[in-house]
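Asker: Attaching a single structure in structure tokens format; questions to follow.
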Amino acid sequence: MTIKKEKKGSLMIYHVDKVITDDKMDALKNTYVKPSQINLIINHDADVYSQEGKLLLRFRKKKLTTNNVNNFYDNVIKFACYKTTNRGSTSGSKKKNVTHNPKIMTNIIGFFDTFSPKQKYLLKQQGKQILDVRECRFNMDNPEKFKKMIPMIEEIDEYYEKYIPENYANQKKKANQTPFKISNTSFTTITTNVNFQTTMHKDKGDDAEGFGNLAVIEKGKYTGGETCLPQYGIGVDVRTGDILYMDVHEWHGNLPIKLIDKDAIRLSVVCYLRYNIWKKTKNKTKKFMIKHNKTIKNLRKK
């Protein structure tokens, strides 16, 4: 619910209050956001604060360079369209066995802080015990494609420093302490989602001192998919070239996505630092990382 708004140049500043209580939000955990729960959709440059003055989100239109966006999309989209079952309750599933979850197009790039089931099997089979941090399959198998997608991530990182400087400084300090990160950015990990409506959830595993970074790349026509903070009744219509910085430790999720073109794609790109990667690898050397990555890659050859 908007309690105050003011305009400063092209920027709209909102102060909002909760429209759903904490207890009711707990009960709504991992259910889908409904259009009736959202009374404000933002599609312009905006800062949004809670009634107490806490920054909830900062949204900027048309910031990312077209060439960087296209290179990211062209090199990642095939991988991003692989279907996985690893998002659990965020995909609306109540199954304890992840193999029984719905198959959705969600994948990770960069580094992760647990091994895949196959890697766990191979490590056990080969009697190896190593640090449970891994290079993701995309950059392991496609180093040239990984290199070509990095400029967009570096651009997101630069705007992160500009628009959310305090959180950025805390996160970048951690990133500088580990070689297990993406280029010279403050990120260890990227999650890609294709046409995926997430349920209402709070992010776990990322750096609590950081802030969420979200970009979207579109191909074809669709409606919906707005990224929402349902407890406050607000949503943001993120489109190609836009950047949304959001407190992902607040309840958030997406509105339903309706494809107008049957092959339309809404690729969302979420960049963050995984806390356990930093915790497990801080002060490790680049030499250690190269040797560690080689050990993991060679698991498949034995």
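Asker: Tell me whether region 249-256 contains one or more residues that are in a loop (DSSP other than H, G, I, E, B) and more than 23 Å from TYR14 (Cα to Cα).
Answerer: yes
Asker: Give me a count of the residues in region 197-209 that are buried (at least 20 other Cβ atoms within 10 Å of the Cβ) and either without any contact (Cβ under 8 Å) to a residue 12 or more places away in the chain or not hydroxyl-bearing (Ser, Thr, Tyr) (or both).
Answerer: Of the residues in that region, 3 qualify.
Asker: Looking at region 155-176, I want the residues that are touching a residue at least 12 places away in the same chain (Cβ under 8 Å) and closer than 23 Å to ASN68 by Cα and have a partner that is in a helix (DSSP H, G or I) and among the polar types (S, T, N, Q) with Cβ atoms under 6 Å, at least 6 apart or on another chain. Which pairs are those?
Answerer: GLU155/ASN68
Asker: Just to be sure before I move on: is ILE296 assigned to a helix (DSSP H, G or I) and surrounded by 19 or more Cβ atoms within 10 Å (Cβ to Cβ) in the structure I sent?
Answerer: So ILE296 fits the description; yes.
Asker: Find all pairs meeting these conditions: Cβ atoms under 7 angstrom apart; at least six residues apart or on different chains; first residue within region 30-43 and more than 15 Å from HIS252 (Cβ to Cβ); second residue crowded, with 16+ Cβ neighbours inside 10 Å.
Answerer: Close Cβ pairs (under 7 Å, with a partner that is crowded, with 16+ Cβ neighbours inside 10 Å) amount to PRO35/LEU255; ASN39/GLY233; ASN43/ASP237.
Asker: Considering only residues that are among the hydrophobic types (A, V, I, L, M, F, W, C) and surrounded by fewer than 12 Cβ atoms within 10 Å (Cβ to Cβ), which ones fall in region 21-73?
Answerer: ALA27
Asker: Condition test on LYS262, is it surrounded by fewer than 22 Cβ atoms within 10 Å (Cβ to Cβ) and not in a strand (DSSP E or B)?
Answerer: yes
Asker: Just to check your reading of the model, which residue among ASP141, ASP242 is in contact (Cβ under 8 Å) with a residue 12 or more places away in the chain and acidic (Asp, Glu)?
Answerer: None of the others qualify; the one that does is ASP242.
For every residue, the table says whether it meets (1) touching a His at 6+ places or on another chain (Cβ under 8 Å); (2) among the β-branched types (Val, Ile, Thr); (3) in a helix (DSSP H, G or I).
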position: ASP203; (1), (2), (3): yes, no, no
position: ALA208; (1), (2), (3): yes, no, no
position: LYS258; (1), (2), (3): no, no, no
position: SER268; (1), (2), (3): no, no, no
position: PHE288; (1), (2), (3): no, no, yes
position: HIS292; (1), (2), (3): no, no, yes
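Asker: Taking the stated definitions as given, is THR223 more than 22 Å from LYS54 (Cα to Cα), touching a strand residue (DSSP E or B) at 6+ places or on another chain (Cβ under 7 Å), polar (S, T, N, Q) and surrounded by fewer than 22 Cβ atoms within 10 Å (Cβ to Cβ)?
Answerer: In short, yes.
Asker: Being out of contact with any His (no Cβ under 6 Å at 6 or more places or on another chain), of a type in the set (Asp, Glu), on the phi < 0 side of the Ramachandran plot and modelled with pLDDT of 95 or more, is that true of even one residue in region 116-133?
Answerer: There is no residue in region 116-133 that is out of contact with any His (no Cβ under 6 Å at 6 or more places or on another chain), of a type in the set (Asp, Glu), on the phi < 0 side of the Ramachandran plot and modelled with pLDDT of 95 or more.
Asker: Has region 143-165 got any residue that is surrounded by fewer than 17 Cβ atoms within 10 Å (Cβ to Cβ), modelled with pLDDT of 95 or more and either part of a loop (DSSP other than H, G, I, E, B) or touching a Lys or Arg at 6+ places or on another chain (Cβ under 8 Å) (or both)?
Answerer: yes
Asker: Pairs only if they're at least six apart or on different chains, beta carbon under 8 angstrom, first in region 5-17 and touching a residue at least 60 places away in the same chain (Cβ under 8 Å), second among the polar types (S, T, N, Q); list them, first residue then second.
Answerer: Matching pairs, first to second residue: TYR14/THR2; VAL16/THR2; VAL16/SER50; VAL16/GLN51; ASP17/SER50; ASP17/GLN51.
Asker: Could you count how many residues in region 258-302 are under 30 Å from GLU218 (Cβ atoms) and either over 18 Å from the mean Cα position of the chain (by Cα) or without any contact (Cβ under 8 Å) to a residue 60 or more places away in the chain (or both)?
Answerer: The number of residues fulfilling the criteria is 7.
Asker: From (1) out of contact with any strand residue (DSSP E or B) (no Cβ under 6 Å at 6 or more places or on another chain); (2) under 15 Å from TRP278 (Cβ atoms); (3) outside any helix (DSSP H, G or I), pick out the condition that doesn't hold for GLY127.
Answerer: Evaluating GLY127 over (1) out of contact with any strand residue (DSSP E or B) (no Cβ under 6 Å at 6 or more places or on another chain); (2) under 15 Å from TRP278 (Cβ atoms); (3) outside any helix (DSSP H, G or I) leaves (2) as the failure.
Asker: What do you reckon, is GLY205 modelled with pLDDT under 95 and either more than 27 Å from TYR82 (Cα to Cα) or not aromatic (Phe, Trp, Tyr) (or both)?
Answerer: yes
The values are calculated or read from the model by the stated rules, or taken from the named source; none is laboratory data. In this text the structure is predicted, and so the values were computed from the model without any measurement. Here the Cβ is made from the backbone with ideal geometry for all residues, glycine too, and neighbour counts use every protein chain on show.
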